[in-house]
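Novice: Can you keep this structure in mind? I'll have questions shortly.
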Amino acid sequence: MTLAFAAATADAQTSCPRFLINSPMVVNIEGHFVNVKKSRTSIDVEWHHHPENLDTFFVHLPDRPAFNFITAGSYRYMEDPSNKVKRQLGLHHLKETIGETPLKLDDMELLANGQFLCRDTLDKKNMAMSTAFSNAWYSLVPDTLPEPKVVVMRGARKEARTFTIRQWKKYSDESLPTLVKLENEKYSGEIWIRSAYPINALQSDPLKETLEQKPEVKQPELFRKIPMQGERKIPLILKLNQELLRE
């Protein structure tokens, strides 16, 4: 009933996207957590943000295979980078957690598309922003704007969590929260931005350059999957067998 009401409300009102980043950028994010199972886990995400196009999140987890999350707002899917198999996702899939971390797919969806219901501009005191298309989080309440220090998010089953932003930093004229503490009664953790730069500078990514400068270790011909190069010659014994079979 609650989800149906939220969907009907979203359809009745206009959605006002609010982006954390307003220009095309690459943001490298790390997170370390103590999850609901009281075990430690982490995540590494490379986020490619395009305000007018597809957003892609390259997600690496220590306990599960890597995957890509691609979203354009009206549709989204997950991709296995090893074999390019795609899994189409509906809005109800956004409440799924990312691996063993306390983060959800909807966290990436909100970062990419920032879909919130338009607020009454006359109500200056109300800072609450209601999500337009989400089955995971219903509201986001910052203590102030545009650079809040505390943000509270509330969602299904009375779940709530608090982000305490310790520092904001400028990256190519974009202001981003560089160090964030995440707290909930069942889990906790810290998220920080390792690097951020305009997407047109992707080719000069210092992390990628470091990897490219490392010399490639060449395997001996003997240990390759295909140990010989060029055309494979048919052994003499097989040639004799072929002659006998023809007769």
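The values are calculated or read from the model by the stated rules, or taken from the named source; none is laboratory data. For clarity, every value in this text was computed on a predicted model and none was experimentally measured. Cβ: placed from backbone, ideal geometry, glycine included. Neighbour counts: every protein chain shown. Just so you know, the surface numbers come from the protein's heavy atoms only, side chains and all, with ligands and any DNA or RNA stripped out. Shrake-Rupley method; radii C 1.70, N 1.55, O 1.52, S 1.80 Å.
Novice: Kindly list the number of the only condition in (1) farther than 26 Å from PRO146 by Cβ; (2) open to solvent by 30 Å² or more (accessible area, probe 1.4 Å) that fails for LEU20.
Specialist: The failed condition is (1).
Novice: For the range 47-101, please list each of the strands (runs of 3 or more DSSP E) lying entirely inside it that holds at least 3 residues being open to solvent by less than 90 Å² (accessible area, probe 1.4 Å) and not polar (S, T, N, Q).
Specialist: Of the strands (runs of 3 or more DSSP E) lying wholly inside the range 47-101, those with at least 3 residues that are open to solvent by less than 90 Å² (accessible area, probe 1.4 Å) and not polar (S, T, N, Q) span 55-60, 67-71, 76-80.
Novice: Take the residues of the range 46-71 that are touching a strand residue (DSSP E or B) at 6+ places or on another chain (Cβ under 8 Å) and in contact (Cβ under 8 Å) with a residue 60 or more places away in the chain: which is nearest to ARG161 (Cα to Cα)?
Specialist: Only one residue fits best here, namely TRP47.
Novice: Name every residue in the range 125-159 that is in a strand (DSSP E or B), among the aliphatic types (A, V, I, L, M) and open to solvent by less than 40 Å² (accessible area, probe 1.4 Å), in order of residue number.
Specialist: Of everything in the range 125-159, those that are in a strand (DSSP E or B), among the aliphatic types (A, V, I, L, M) and open to solvent by less than 40 Å² (accessible area, probe 1.4 Å) turn out to be MET129, LEU140, VAL151, VAL152, MET153.
Novice: Among the residues of the range 170-182, what is the count of those that are open to solvent by 60 Å² or more (accessible area, probe 1.4 Å) and within 15 Å of ASN22 (Cα to Cα)?
Specialist: Looking only at that region, the number is 3.
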